[in-house]
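Worksheet: one structure, shown below.
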Amino acid sequence: MEFFVAQILTGLANASSLFLVACGLSLIFGVTRIVNFAHGSLYMLGAYIGLTLMEALPGHFGFWGSILLAGIAVGLIGVVIEMLVLRPVYRAPELFQLVATFGVILVIQDLALLIWGPEDQLGPRAPGLRGVFRIMGEPIPKYDIVLLIITPFIALALWWMMTRTRLGVLVRAATQDREMVGALGVNQAWLFTGVFALGSALAGLGGALQLPKGGADLLMDFTILTPVFVVVVIGGMGSLPGAYLAAIIISVLNVFGVTYIPQSTLVLMFIVMIVVLMIRPYGLFGREEVAGEHGQVGEPEEPIKPASAKVRAIVAAGLAMLALLPLYGGNFALVLTTDILIFCLFAASLHFLLGLGGMVSFGHAAYYGGGAYVAALLVTWTETPMELAFLLAPLGAGLIAIVVGWVCLRLTGVYFAMLTLAFAQLLWSLVWQWQEVTGGDDGQVNIWPADWLNDNTVYFYFALIFSVGGILTLRHLAHSPFGYALRAARDSKRQAEATGIDTRRVQLLAFTFAGFMGGLAGALFVFSKGSVFPNELEIVRSFDALIVVFLGGVKTLAGGVVGAGFFKGVEDVLTRFEYWRLVMGLLIIFVVVVAPEGIVGSLRRAWRRFGPGHSQADTATEERRT
Amino acid sequence: MLEVEGVNSFYGKAHVLRDLSFEAPRGHVVALLGRNGAGKSTTMKSIMQLVRPASGRIVFQGTDIVGLPAHKVAKMGLGYVPEDRRVFTDLTVSENLLVGRQPPRDGAPTWTEDMLFDLFPNLAERRGNRGKALSGGEQQMLTIARTLMGNPSFILLDEPSEGVAPVIVEQMAQVIAQLKSEGLTVLLSEQNLHFAQAVADLVVIIESGVQVYHGTLADLQAHPEIRDAYLAA
């Protein structure tokens, strides 16, 4: 019993930072509709800044003052990010801003490395709170007790602000209909900046507040991101009490998990999330997200046209160039191009899901990594011949996709995205923690292709055939009746159903097929490298694919492929430099700001604007956009 | 007070307003009439800059407001009551009013929450209720009250009588008359003449985004053939 109480108290103390960070994320999403992937980075900055301040400012006042100042400093950093990076892209198609926030993650990672160095930093103890309190005989760190006492007060203060002040009322009104708030004379730009600053400050505060418990390191941005997403989704997007309750549930669960089933702490969190969402699809206190609500911006879709003869000729020429690569390219060019081809297929499979299906998956790495692991495990454990393992891998990935899709498709929009992320993380943590079977962190090695393929040139052709074949199949599907049904379900679910399309079935099929193709890319990957590690299943890999699809352009068929080629090529050049993340991040942000419709979309727009056949309606559309 | 001059507006590639021109002089109630789909709501949104006109001028109190952000247009004293109401359903009646609150303005009546509750007694009883708990008529009153909290000198009412009970429509007419007597200028859109007849001084009729009639209410009443040609019964 004593132990039980002690566990709960520790859990409550741990909930503190999680709640603050989740709250900030939720607030920002509510008003700006931006899922701020960089929120973990702001949390990390809060920790580092707090640490630096604490070294400079001694004593009680210094310690608590540093925490507050760290929050304010991160709030100001949030203002800079909002004004420089996000403001130019608010009117871009929905979710495009994700890419910008991912650029911010990369920039902050390298800046933190530059300023604070690579070593993990221990947080200072809070002055006067060094020891433990004995509660029912169990030692509880004094700082934990202080945390669990002040957190409800912070929560209350936030709640008061949201319900009793005009600012809070405006925030809630803007969450529902920001255009109307603007028409009533409220400057949305400043409201957005203010909310972003507040959300950032909360993240910074969370980072600084956990210093005596956890210190600061360069991985904490992603470490916190997953539980924060989980908390926000369980609590319900935009709900303060929900975030508080969910933070407590997750933290307490985690403490118990560590004690009783240490092998499955990560898995546990996602299982809870999945169960909650099965029962309450919009979280404990969430409100249903209605797509296309007031205040959502988005230009009407351009219909997708089959490629013209000219485009076909260009593509054919490009393919011929590729096919002849072994004649003029060196070994390095072959390996790099193989990587790019595989990544193009992976991106194209996500693009199919996202662009044509309108299903934004944050966890597409599950099928890519899943395919790679299916192949690797078959080879390792059953000594399956490579050719067979290669064919079974996409089937395995497709099977995973059926299950995940079946559960996730109950939801739409950001909840769907979060749930797909949760499943991907679930798979990742399974692979990570089930060491006996998967090798855990050590991955699977010695997964080489069959002898006849064990040559860079031959494997290049192998990858070329399957990648291009896969991409062309996806493209062909877009122009098939199935593709029409899929787009109909994306654009107007109800109307599609009224015309006799079983939208859920169509979407599940598309989800499965995208998973299958992702698995094919994963299988190509594992045999080209001879090994696979859990990072192929990580959030970062899913984000890579998302970035590529958005950078290329969601609404154009070529978007995924063009983006993947661009991204991989640039990445290959940049990773040779020490601070490549900084440069890559800035480059991503630059592309996002300059080309808010993606590379292909923006090129097309430029052609329409300056090329022939320019009309008054086009000008009107252009001007409204700017 | 408000002059619309040669405005063209688009939705995507659809040309909705075509060289639309009319004016609303200070202190008058102007009814913007036309059939469903004639472009009335687009006109309202174009004035408010929620739809940005591709060409033309919209001059409010001597300033061309085309291209300004909507919140600046509102700050100049233009109040907008949308057709679909757009009440903040998760907020209480009082909170909805708080969103609309703006500082007092020279040359426009100043409203307080209590004065608006006098004007709309039904809302007073429901001040603590959430927007989603209100009836259609109450929501309509709330949107008008919310806009009045901004102390506008000019108010755009987009089909205020649509979908509300006849008794409320009558009440709405009284409110508009009162607003006029307080010195407000009103631009009111309607599909038919019934409601407009009770309150309007001037009438603008549009058809497919083109202005087809501009005159006094009395003139229009003298020419029933115009009404029959362009308006629903």
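The values are calculated or read from the model by the stated rules, or taken from the named source; none is laboratory data. Please read all numbers here as calculations on a predicted model, not as lab measurements. Note that we place each Cβ from the backbone using ideal geometry, even for glycine, and neighbour counts take in every protein chain shown.
Values for this structure:
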{"read-out": "Conditions (1) more than 19 Å from A:LEU218 (Cβ to Cβ); (2) more than 20 Å from the chain's Cα centre (by Cα): number failed by A:THR32", "value": "(2)"}
{"read-out": "Evaluation of B:ALA14 against (1) farther than 19 Å from B:ASN151 by Cα; (2) under 17 Å from the mean Cα position of the chain (by Cα) (one fails), failing number", "value": "(2)"}
{"read-out": "Matching residues in segment A:175-196 - criterion: being under 22 Å from A:LEU76 (Cβ atoms), within 9 Å of chain B (Cβ to nearest Cβ) and either touching a strand residue (DSSP E or B) at 6+ places or on another chain (Cβ under 9 Å) or in contact (Cβ under 8 Å) with a residue 60 or more places away in the chain (or both)", "value": "A:ALA189"}
{"read-out": "Condition check for A:ILE539: closer than 22 Å to A:LEU377 by Cα, surrounded by fewer than 23 Cβ atoms within 10 Å (Cβ to Cβ) and of a type in the set (A, V, I, L, M)", "value": "yes"}
{"read-out": "Residue in segment B:63-78 that is nearest to A:GLY182 (Cα to Cα), counting only those that are of a type in the set (Gly, Ala, Ser) and without any contact (Cβ under 8 Å) to a residue 60 or more places away in the chain", "value": "B:ALA70"}
{"read-out": "Counted residues, segment A:419-450 - those being surrounded by fewer than 14 Cβ atoms within 10 Å (Cβ to Cβ), touching a helix residue (DSSP H, G or I) at 6+ places or on another chain (Cβ under 9 Å) and in a helix (DSSP H, G or I)", "value": "4"}
{"read-out": "Residue in segment A:383-391 that is without any contact (Cβ under 8 Å) to a residue 24 or more places away in the chain, among the β-branched types (Val, Ile, Thr) and outside any helix (DSSP H, G or I) present", "value": "yes"}
{"read-out": "Answer from B:GLU162, B:GLU125, B:GLU113 - the residue that is more than 20 Å from B:ALA31 (Cα to Cα), surrounded by fewer than 24 Cβ atoms within 10 Å (Cβ to Cβ), away from chain A (no Cβ under 14 Å) and not hydroxyl-bearing (Ser, Thr, Tyr)", "value": "B:GLU125"}
{"read-out": "Selection count, segment B:192-212, where residues are touching a residue at least 40 places away in the same chain (Cβ under 8 Å), crowded, with 20+ Cβ neighbours inside 10 Å and within 19 Å of B:ASN36 (Cα to Cα)", "value": "8"}
{"read-out": "Residues satisfying the stated conditions in segment B:87-104, i.e. more than 8 Å from chain A (Cβ to nearest Cβ) and buried (at least 16 other Cβ atoms within 10 Å of the Cβ)", "value": "B:VAL87, B:THR92, B:VAL93, B:LEU97"}
{"read-out": "Qualifying residue in segment B:43-52 (condition: within 24 Å of A:VAL169 (Cβ to Cβ) and touching a residue at least 40 places away in the same chain (Cβ under 8 Å))", "value": "yes"}
{"read-out": "Test: residue in segment A:136-159 that is surrounded by 14 or more Cβ atoms within 10 Å (Cβ to Cβ), within 14 Å of another protein chain (Cβ to nearest Cβ) and of a type in the set (Asp, Glu)", "value": "no"}
{"read-out": "Residue among A:LEU148, A:LEU167 that is closer than 17 Å to A:ALA22 by Cα and either of a type outside the set (Lys, Arg) or in contact with a Leu (Cβ under 9 Å, 6 or more places away or on another chain) (or both)", "value": "A:LEU148"}
{"read-out": "Qualifying residue in segment B:14-28 (condition: in contact with a Lys or Arg (Cβ under 9 Å, 6 or more places away or on another chain), over 22 Å from B:PRO109 (Cα atoms) and part of a loop (DSSP other than H, G, I, E, B))", "value": "no"}
{"read-out": "Residue that is within 13 Å of chain A (Cβ to nearest Cβ), among the aliphatic types (A, V, I, L, M) and closer than 26 Å to B:LYS45 by Cβ, where the choices are B:ILE176, B:ILE155", "value": "B:ILE155"}
{"read-out": "Some residue of segment B:14-24 being closer than 30 Å to A:GLY30 by Cα, of a type outside the set (Val, Ile, Thr), within 9 Å of chain A (Cβ to nearest Cβ) and in contact with a helix residue (DSSP H, G or I) (Cβ under 8 Å, 6 or more places away or on another chain)", "value": "no"}
{"read-out": "Selection from segment A:163-174 of residues that are surrounded by fewer than 16 Cβ atoms within 10 Å (Cβ to Cβ), part of a helix (DSSP H, G or I) and more than 8 Å from chain B (Cβ to nearest Cβ)", "value": "A:THR163, A:ARG164, A:LEU167"}
{"read-out": "Some residue of segment A:144-154 being in contact (Cβ under 8 Å) with a residue 60 or more places away in the chain, in a loop (DSSP other than H, G, I, E, B) and among the aliphatic types (A, V, I, L, M)", "value": "no"}
{"read-out": "Hits in segment B:110-125 (condition: touching a residue at least 24 places away in the same chain (Cβ under 8 Å) and outside any helix (DSSP H, G or I))", "value": "B:THR110, B:TRP111, B:PHE120"}
{"read-out": "B:ARG146 outside any loop (DSSP other than H, G, I, E, B), within 8 Å of chain A (Cβ to nearest Cβ), under 17 Å from the mean Cα position of the chain (by Cα) and closer than 21 Å to B:ALA165 by Cβ", "value": "yes"}
{"read-out": "Some residue of segment A:476-486 being at pLDDT 90 or above, more than 30 Å from A:ALA320 (Cβ to Cβ) and buried (at least 18 other Cβ atoms within 10 Å of the Cβ)", "value": "yes"}
{"read-out": "In segment B:41-77, the residues that are more than 9 Å from chain A (Cβ to nearest Cβ) and assigned to a strand (DSSP E or B)", "value": "B:GLY56, B:ARG57, B:ILE58, B:VAL59, B:PHE60, B:THR63, B:ASP64"}
{"read-out": "The one condition in (1) in contact (Cβ under 8 Å) with a residue 40 or more places away in the chain; (2) within 14 Å of chain B (Cβ to nearest Cβ); (3) not in a helix (DSSP H, G or I) that A:LEU218 fails to fulfil", "value": "(2)"}
{"read-out": "Scan of segment B:185-210 for residues that are in a strand (DSSP E or B) and of a type outside the set (Val, Ile, Thr), ordered by number", "value": "B:LEU187, B:LEU188, B:SER189, B:GLU190, B:LEU202, B:GLU207"}
{"read-out": "Unique match (being away from chain B (no Cβ under 14 Å), touching a residue at least 40 places away in the same chain (Cβ under 8 Å) and closer than 22 Å to A:PRO58 by Cα) among A:PRO118, A:PRO127", "value": "A:PRO127"}
{"read-out": "Whichever residue in segment A:279-306 is modelled with pLDDT of 80 or more and away from chain B (no Cβ under 14 Å) and, among such residues, is surrounded by the fewest Cβ atoms within 10 Å (Cβ to Cβ)", "value": "A:ILE279"}
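Residue-wise test of (1) buried (at least 17 other Cβ atoms within 10 Å of the Cβ); (2) outside the structural domain of A:ALA70 (by TED's automatic domain parsing); (3) touching a Leu at 6+ places or on another chain (Cβ under 9 Å).
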| residue | (1), (2), (3) |
| --- | --- |
| A:VAL107 | yes, no, yes |
| A:ILE115 | no, no, no |
| A:PRO118 | no, no, yes |
| A:ALA126 | yes, no, yes |
